[in-house]
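**Student:** Have a look at this one before I ask anything.
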Ligand SMILES: Cc1cc2nc3c(=O)[nH]c(=O)nc-3n(C[C@H](O)[C@H](O)[C@H](O)COP(=O)(O)OP(=O)(O)OC[C@H]3O[C@@H](n4cnc5c(N)ncnc54)[C@H](O)[C@@H]3O)c2cc1C
Ligand code: SF4
Ligand code: SF4
């Protein structure tokens with residue numbers, strides 16, 4: 001990305017975490033093993049990996065290469081070779097559509113239009129994938145999420161909806177690869193990035209993972225978002241029997257059910273109206289890719305101007321980014337799994353995701369500001385960040401860089417260390 005001085009690199013896992021560059025994808029634990037890395041809840045309410053035994057040198061070297069918190073690599077050239085367009089903000093794509101799951105039940109239950117659930121179910125039921133690697137609400141602790149291998153359409157539907165809390169979908173990647181079976185992966189853009197980076201080191205990923213499907217992501221909230229919501233209602237985590245953040249309508253309501261038989265709901269607006277309660281992770285604030293550039297297919301919300309004005313039947317913007325994605329998308333439409341309403345343009349994407357556009361525009365300058373303050377930043381390659389910065393005014397870039405430098409110095413991109421692993425276990 002051509003930042004002037006050499007990039008600072010982490011010396012150990014805790015450097016990544018304490019510099020706020022981890023978003024908890026789980027890959028490092030898969031690489032080093034549960035005996036060496038445990039996930040804990042930090043004093044800031046984030047679910048983070050902690051080294052409980054020194055990492056083997058090979059494992060640490062692999063983490064340094066593949067951790068998506070500190071590495072972000074674009075796929076523009078590869079996708080151009082496939083005939084994709086590359087937009088400066090939105091990256092590579094073949095086609096963009098507005099659509100939804102044809103199955104009305106999937107459409108209703110899912111986060112927005114059910115496109116990811118319908119595609120995952122289709123890949124399974126058409127025999128292309130033996131299972132779907134994805135996350136879903138934990139059965140025993142519904143405020144948390146588990147990584148699962150879904151083997152049936154029913155399992156996939158059970159995973160529908162957004163989990164606005166920590167998820168570690170890469171923690172089971174070896175289990176998936178060791179199975180020797182074909183599978184599809186559903187996750188956030190940073191999870192997909194982790195898998196793409198790891199694919200460079202382990203050829204089994206490209207052999208076995210037949211599709212990478214992403215949701216557009218504006219930021220993964222820390223656990224305290226859910227904890228505060230439940231505590232406001234006068235309950236604790238142990239009292240909760242169901243935690244749904246949206247879905248059952250579009251956007252649907254957040255719903256908390258408690259073991260004493262009570263149920264509470266909040267509208268989407270009530271859940272998100274107060275930005276000071278978003279509980280976004282530091283890494284998310286400067287995320288170089290919340291739009292899933294390296295996924296095969298990306299599914300997002302479609303609300304003109306970005307905010308829902310009421311409930312609707314459920315729609316998704318769908319960016320088909322790769323040849324693999326095109327093949328899956330076209331066959332899923334032909335099979336009647338997805339219903340396509342209309343084609344969309346890049347302008348439609350920008351109109352419905354203005355926060356993603358702003359992040360891309362400010363990325364280069366913000367990273368420069370953080371680097372100037374001596375902070376660890378992700379190594380970003382092939383994401384057009386400098387080209388995008390050049391298209392902004394000098395004063396906007398300066399303001400972004402200064403703002404990020406100030407926030408860095410104020411500790412906004414730093415996280416507290418975990419001192420007592422036993423106490424911090426989730
Ligand atoms: C943290 C977060 C931030 C988001 N920010 C935006 C945004 O800025 N703009 C936007 O358009 N949409 C955003 N959404 C996405 C939106 O909520 C929908 O998930 C998306 O539009 C896909 O809709 P769908 O109906 O196809 O999904 P569904 O058919 O309901 O499928 C959702 C799939 O995503 C998986 N999933 C859900 N939550 C997570 C998670 N935290 N980590 C990994 N996998 C998960 C589920 O396992 C399921 O497979 C966000 C979602 C999340 C979870
Ligand atoms: S981003 Fe993922 S790989 Fe990197 S430190 Fe965090 S959990 Fe580990
Ligand atoms: S904003 Fe970026 S880093 Fe944060 S959860 Fe979303 S994709 Fe991951």
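**Student:** Dividing the Cα convex hull volume of the chain by residue count, how many Å³ per residue is that? All intermediate terms of the calculation are to be shown ahead of the outcome.
**Tutor:** On the way: hull volume 58.9 nm³, N = 426.
Once divided by residue count, the hull of the chain is 138 Å³.
**Student:** Sticking with this one: If you take the square roots of the eigenvalues of the alpha-carbon gyration tensor of the range 35-187 and sort them as a ≥ b ≥ c, do you get rounded (a/c under 1.5), prolate (a/b over b/c) or oblate?
**Tutor:** Details: a/c = 1.69, a/b = 1.21, b/c = 1.40.
It is oblate, given that a/c is not under 1.5 and a/b is not larger than b/c.
**Student:** Hey, another quick one. Multiply the residue gap between residue 340 and residue 224 by 0.36 nm, knock off their C-alpha separation, and tell me the result in nm, one decimal place. Could the numbers behind the result be given before it?
**Tutor:** Numbers: separation 116, 0.36 × 116 = 41.76 nm, distance 3.75 nm.
So the chain would gain 38.0 nm between residue 340 and residue 224.
**Student:** Over all directions, average the projected area of the Cα convex hull of the range 51-90 and note it in nm².
**Tutor:** Working: hull surface 17.3 nm².
So the mean shadow area of the Cα hull is 4.3 nm².
**Student:** While we're looking at this one, here's another question. For residue 231, project a label point 7 Å along Cα to C-beta. Then give me every residue of the range 34-51 with its amide nitrogen under 18 Å of that point.
**Tutor:** Only 41-48 pass the distance filter.
**Student:** Label point 7 Å out from residue 379 along Cα-to-Cβ: which residues of the range 51-91 have amide N under 13 Å?
**Tutor:** Once the point is set 7 Å along Cα→Cβ of residue 379, 61-74 turn out to lie under 13 Å by backbone N, inside the range 51-91.
**Student:** If you take every DSSP beta bridge whose two residues both sit in the chain, what share of them, in percent to the nearest 5, is antiparallel?
**Tutor:** 70 percent
**Student:** Here's a follow-up. May I ask you to derive the FRET efficiency for residue 206 and residue 306 from their Cβ-Cβ distance with R0 = 30 Å, giving the value to the nearest 0.05?
**Tutor:** With a Förster radius of 30 Å, E is 0.30.
**Student:** Moving to a separate point now. Could you put 321, 154, 407 in order, starting from the residue whose Cβ has the fewest other Cβ atoms within 10 Å? List each step's numbers first, then the result.
**Tutor:** Numbers: 321 28, 154 9, 407 19.
The fewest-first ordering by Cβ neighbours comes to 154, 407, 321.
**Student:** What nm distance separates the two modelled labels at residue 347 and residue 412, each placed 7 Å from Cα along Cα→Cβ?
**Tutor:** 3.3 nm
**Student:** Can you tell me how much longer the chain between residue 58 and residue 393 gets when fully stretched, taken as 0.36 nm per residue apart minus their C-alpha distance, in nm with one decimal?
**Tutor:** This chain segment gains 116.2 nm when fully extended.
**Student:** Rounded, prolate or oblate: which fits the range 339-426 when a ≥ b ≥ c are the square roots of the eigenvalues of the alpha-carbon gyration tensor, with rounded for a/c under 1.5 and prolate only if a/b beats b/c?
**Tutor:** Values: a/c = 2.77, a/b = 1.38, b/c = 2.02.
Oblate.
**Student:** Is the range 1-67 rounded, prolate or oblate when judged by the Cα gyration tensor, a ≥ b ≥ c being the square roots of its eigenvalues, rounded requiring a/c under 1.5 and prolate requiring a/b larger than b/c?
**Tutor:** Working: a/c = 2.19, a/b = 1.33, b/c = 1.65.
It is oblate, given that a/c is not under 1.5 and a/b is not larger than b/c.
**Student:** Right, something else. Fully extended, how many nm does the chain gain between residue 262 and residue 86 (0.36 nm per residue separation, minus their Cα-Cα distance)? Spell out each step's value before the answer.
**Tutor:** Numbers: separation 176, 0.36 × 176 = 63.36 nm, distance 4.98 nm.
Extra length from residue 262 to residue 86 when fully extended: 58.4 nm.
**Student:** Nearest 0.05, what FRET efficiency do residue 149 and residue 274 give at R0 = 45 Å with Cβ-Cβ as r? Please report the intermediate quantities before stating the final value.
**Tutor:** On the way: r = 37 Å, r/R0 = 0.82.
Plugging the Cβ-Cβ distance into 1/(1 + (r/R0)^6) gives 0.75.
**Student:** Using the number of other C-beta atoms within 10 angstrom as an exposure proxy, rank 278, 364 with the fewest first.
**Tutor:** On the way: 278 17, 364 26.
Listing 278, 364 from fewest to most nearby Cβ atoms yields 278, 364.
Throughout, read-outs are computed from the coordinates displayed, never taken from laboratory work. Note that the structure is predicted; figures quoted are calculated from it, not measured. Glycine gets a Cβ as well: all are built from the backbone with ideal geometry, and neighbour counts include every protein chain shown.
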